[in-house]
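Every number here is computed from the coordinates shown, using simple stated rules; none is lab data. This one's a predicted model, so the numbers in the text were calculated from it and none came from an experiment. Here the Cβ positions follow ideal geometry from the backbone for every residue, glycine too, while neighbour counts run over all protein chains shown.
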Amino acid sequence: MKKILVTGGAGFIGSNFINYMLKSRDDVFIVNLDKLTYAGNLENLKESEANSNYTFIKGDICNFELVDYIFNKFGIKHVINFAAESHVDRSILGSEIFFQSNVIGTNILLEAARRYQVERFLQISTDEVYGSLGPEGLFTETTPLSPNSPYSASKASADMMALAFHHTYGLPVVVTRCSNNYGPLQFPEKLIPLMILNTLGNKKLPVYGDGLNVRDWIYVIDHNRAAELVWEKGNPGHVYNIGAEQEMKNIDIVKLILSHLGKTDDMIEYVKDRPGHDRRYAIDSTKIKTELGWKPEFKFEEAIKNTIDWYLSNNQWWERIINGAYKDYYISMYQNFYKHK
Ligand code: NAD
Ligand code: DAU
């Protein structure tokens, strides 16, 4: 049995990962440590909660004593660190919690991993650490780090600390840098779920700047399969980019969502741009493909429709969010962050 500490497993990608792992294999015991911030939701784990190979602990990765207790009690030998503050806009409004959870929290996990001599530490990172691309080119693992937002700067710091633990102490660290994820269970502050729910709620769809920024989209299950592979077979001390070669302009995604939901483009509202807004991300995944044999299975055109349909048929999931934390968030973002052009 592989005893894995998965952190941030009640969030979007972490919960999809745990559900996927427990469905597809029986040789893992997963301890999910999550602080249950606004983005953490135990409902995401309904299908896993009764599994005897799973347990949940509410807590903060910055809590040294708790982290130490978990490693000791469960005999943890693997760490997969999803826990993070993950939203760029929130990091622009206030950076402290990003430094705390993303940098200090990762460091506390790394120190515990060193004390308990773990067999593998997977740091889940992001393509945003590379900065922004012009119209040409792709991020490779050797692209210099050039993070532009407080969020991406905190993720880059955590990556460097993790890799330093490999270099200095020989800790078997692997790092993945993935592009923008979409799929079920994503908190509706990120582009795709926000636009779906605003369309369903007959609200305006706030497109930042000229809407021509490009992101490289990957279905969350493809990311999960890649993370699993890197965790098991990745080369210690190495970084693996993950992307599905599905570049899209924001405005085209917004129009696609409107059209799939039978609405017209006059719901779009161009608003003031995100400060420091990265223009384009695009990932070269050659390394994970050739070294580890991974390839994405989901095509954007199909998977985005499935994602929209998931939100359509899971209204109880998002209505609870919309009527709780999200409501205040939306009003505050609308009044304070992006003003009308
Ligand atoms: P999310 O915001 O949906 O979930 C984050 C989870 O971490 C939440 O459950 C939250 O409660 C938990 N958490 C936050 N701070 C914590 C702390 N101090 N201690 C314990 N738990 C804490 O994020 P996500 O989109 O699922 O992203 C997961 C990871 O993947 C992050 O590290 C993010 O940087 C990375 N990533 C995300 C994307 C993307 O497109 N969403 C792409 C590449 C990489
Ligand atoms: O690239 C990976 C990263 O992708 C992850 O590391 C982050 O955790 C994740 O949040 C995501 O970051 P982005 O900033 O790219 O995602 P977001 O969904 O916030 O925005 C996607 C694009 O859409 C970006 O160009 C900003 C734009 N946007 C976003 C929102 C929320 C809008 O135009 N309007 C909006 O309301």
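Using the alpha-carbon atoms, what tilt in degrees (0 to 90, nearest 10) does helix 12-24 show relative to the longest principal axis of the chain?
Approximately 60 degrees, to the nearest 10.
Evaluate the charge dipole of segment 237-322 about its Cα centre and quote only its size in Debye, nearest 20, assuming +1 on the Cβ of each Lys and Arg and -1 on the Cβ of each Asp and Glu.
On the way: 13 positive and 15 negative charges, 37 e Å.
In total the dipole reaches around 180 debye.
Among DSSP beta bridges lying fully in the chain, give the percent that are antiparallel, nearest 5. Each step should come with its number before you reach the end.
Details: 4 of 42 bridges.
Here the antiparallel bridges make up roughly 10 percent for the chain.
Straight-line reach from LYS77: which lysines have Cα under 30 Å away, leaving out those fewer than 8 places along the same chain?
LYS2, LYS3, LYS23, LYS35, LYS46, LYS58, LYS155, LYS233, LYS287, LYS289, LYS295
Among TYR311, TYR151, TYR69, which one shows the highest mean-square fluctuation when the chain is modelled as a Gaussian network with alpha-carbon springs under 10 Å?
TYR69
For segment 38-80, what class follows from the C-alpha gyration tensor (a ≥ b ≥ c being the square roots of its eigenvalues): rounded when a/c is under 1.5, otherwise prolate if a/b is larger than b/c, else oblate?
Working: a/c = 2.53, a/b = 1.35, b/c = 1.88.
Oblate.
From the residues ALA158, GLN186, SER95, which one has its Cα farthest along the dipole of segment 75-207 in the positive direction, the dipole being from +1 and -1 charges on Cβ of Lys/Arg and Asp/Glu about the Cα centre?
Going by the charge dipole, the pick is GLN186.
Using the Cα centre of segment 130-238 as the reference point, and only Cβ charges (+1 on K/R, -1 on D/E), how large is the resulting charge dipole? Debye, rounded to the nearest 20.
Working: 8 positive and 9 negative charges, 63 e Å.
Computed charge dipole of segment 130-238: roughly 300 debye.
In segment 127-167, which GluC sites (Glu not before Pro) are in a loop and have at most 13 other Cβ atoms within 10 Å, using DSSP for the loop call? List each step's numbers first, then the result.
Details: sites: GLU128, GLU136, GLU141; in loops: GLU136, GLU141.
Listed in order of number, the matching sites are GLU136.
Placing +1 at every Lys and Arg Cβ and -1 at every Asp and Glu Cβ, with all other atoms neutral, what dipole size does the chain have around its Cα centre, in debye to the nearest 20? Walk me through the numbers before you get to the answer.
Numbers: 37 positive and 41 negative charges, 53 e Å.
The calculated dipole for the chain is roughly 260 debye.
Please work out whether segment 245-298 counts as rounded, prolate or oblate from its C-alpha gyration tensor, where a ≥ b ≥ c are the square roots of the eigenvalues and a/c under 1.5 means rounded, while otherwise a/b larger than b/c means prolate and anything else oblate? Let's see the in-between values first.
Details: a/c = 5.58, a/b = 1.75, b/c = 3.19.
Oblate is the answer for segment 245-298, as a/c is 1.5 or above yet b/c matches or exceeds a/b.
Kindly express, to the nearest 10 degrees and within the range 0 to 90, the angle between helix 105-115's C-alpha long axis and the longest C-alpha principal axis of the chain.
Roughly 20 degrees, rounded to the nearest 10.
Excluding PRO172 itself, what net charge comes from residues whose Cβ is under 11 Å from its Cβ, given Lys and Arg +1 and Asp and Glu -1? Working shown, then result.
Details: positive: LYS77, ARG114, ARG120; negative: GLU119.
Overall, the nearby charge balance is +2.
Could you state the angle between the C-alpha long axis of helix 220-233 and the longest principal axis of the C-alpha atoms of the chain, as a value from 0 to 90 degrees rounded to the nearest 10?
Taking the Cα atoms of the chain, the angle to 220-233 is about 20 degrees.
Using helices alone, I'd like the mean residue ellipticity at 222 nm for the chain: each DSSP H run of four-plus residues gives -39500 (n - 2.57), total over residue count, nearest 500. Before the final figure, lay out the partial values.
Details: 12 runs with 133 residues, N = 341.
So the calculated ellipticity at 222 nm is -12000 deg cm²/dmol.
Sort segment 65-138 into rounded, prolate or oblate with this rule: let a ≥ b ≥ c be the square roots of the eigenvalues of the Cα gyration tensor; rounded if a/c is under 1.5, and if a/c is not under 1.5, prolate when a/b is larger than b/c, oblate otherwise. If you can, show how the numbers build up before the last one.
Details: a/c = 3.69, a/b = 1.79, b/c = 2.06.
Cα axes put segment 65-138 in the oblate bin.
Show me, for segment 298-311, the HN-Hα J-couplings you get by feeding each phi into the Karplus relation (A = 6.51, B = -1.76, C = 1.60, θ = phi - 60°), rounded to Hz, glycine and proline as x.
In residue order, the calculated couplings are 9, 8, 4, 4, 7, 5, 5, 5, 4, 5, 4, 5, 4, 5 Hz.
Residue-wise, which Karplus ³J(HN,Hα) couplings in Hz belong to segment 59-71, taking 6.51 cos²θ - 1.76 cosθ + 1.60, θ = phi - 60°, and x for glycine or proline?
Computed from phi, the couplings for segment 59-71 are x, 9, 5, 7, 8, 4, 5, 5, 4, 4, 4, 5, 4 Hz.
Looking at LEU36, VAL173, ASN241, which one has the Cα that reaches farthest to the positive end of the dipole of the chain (charges on Cβ: Lys, Arg +1; Asp, Glu -1)?
It is LEU36, whose Cα lies furthest towards the positive end.
Going by amide H atoms built from the backbone, whose H comes under 5 Å of the H on ASN148, apart from near neighbours?
GLY131, ALA153
Residue by residue through segment 234-245, which ³J(HN,Hα) values in whole Hz follow from phi under the Karplus form 6.51 cos²θ - 1.76 cosθ + 1.60 (θ = phi - 60°), with glycine and proline marked x?
Calculated HN-Hα couplings, in order: x, 7, x, x, 9, 10, 10, 6, 9, x, 10, 6 Hz.
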